[in-house]
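The structure appears below as C-alpha cells.
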Amino acid sequence: MRSQKIFRLVVEHAELSSLMFWLSTLGGAYSSLGETYSYCAEMAGQISQKQLKIALTQGDPITASKCKLFAALSLIQTGRFLEARRIIREQWNFSQSLPESGRDVRLERMCQGIWHKLRCLQLRKSREQKVSSLSSLPFF
C-alpha cells in the first residue's frame, strides 16, 4: 500500500515535470513572438500562469518565482510597466531573502535581465512620446 502511494507520487511528479518542460517551450515561443504581436505576449502570460500553478502544486518556490517573472515579461511586452515592475521587485526581494546556501543565481540574473528590459522599453517609449509631441509643433 505504501509503495503504491510512493510510486503514484513519483509518477505524478514526473508527469508534472514533463508538462512544465512543454509549457516552458511553448511559453518561450509565444514570448519571442510577443515582441512583435501583443496576442502572443498575452498567450505567453497565460502559459506562465499555468506553469505557476504547477510550481505551487509541486511546492517549488524558486520555480514559482521564475514563472512570475515570465508573467512580468508578458506584462512588459503589452506595455503594463507598473505591474511588471512590482512583480520584478517582489521576486528580487524573494531571491535576496533566501539563505546563502539556497540562493539561485539564475533567479537573480532573471530578475536583473527582465528589469533591464523593462527600463529599456520605458526609455524607448518615453523617447517616442517626445518625438511624437515635437512632430505636432508647427514648422516655421
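The values are calculated or read from the model by the stated rules, or taken from the named source; none is laboratory data. Computed from a predicted structure; not experimentally measured. Heads up, the Cβs are rebuilt from the backbone with ideal geometry, glycines too, and the neighbour counts pull from every protein chain shown.
So which residues in region 77-99 are in contact with a helix residue (DSSP H, G or I) (Cβ under 7 Å, 6 or more places away or on another chain) and assigned to a helix (DSSP H, G or I)?
Gln77, Phe81, Glu83, Ala84, Arg85, Ile87, Ile88, Gln91, Trp92, Phe94, Ser95
Would you check which residues across region 75-106 are within 18 Å of Ser38 (Cβ to Cβ), of a type in the set (Gly, Ala, Ser) and surrounded by 15 or more Cβ atoms within 10 Å (Cβ to Cβ) and list them?
Listed by number, the list holds a single entry, Ala84.
Among residues belonging to region 23-61 that are touching a residue at least 12 places away in the same chain (Cβ under 8 Å) and acidic (Asp, Glu), point out the one that is surrounded by the most Cβ atoms within 10 Å (Cβ to Cβ).
Within region 23-61, the match that is surrounded by the most Cβ atoms within 10 Å (Cβ to Cβ) is Glu42.
Run Phe139 past the list (1) out of contact with any Phe, Trp or Tyr (no Cβ under 8 Å at 6 or more places or on another chain); (2) at pLDDT 95 or above and report the number of the one that doesn't hold.
So the condition that Phe139 fails would be (2).
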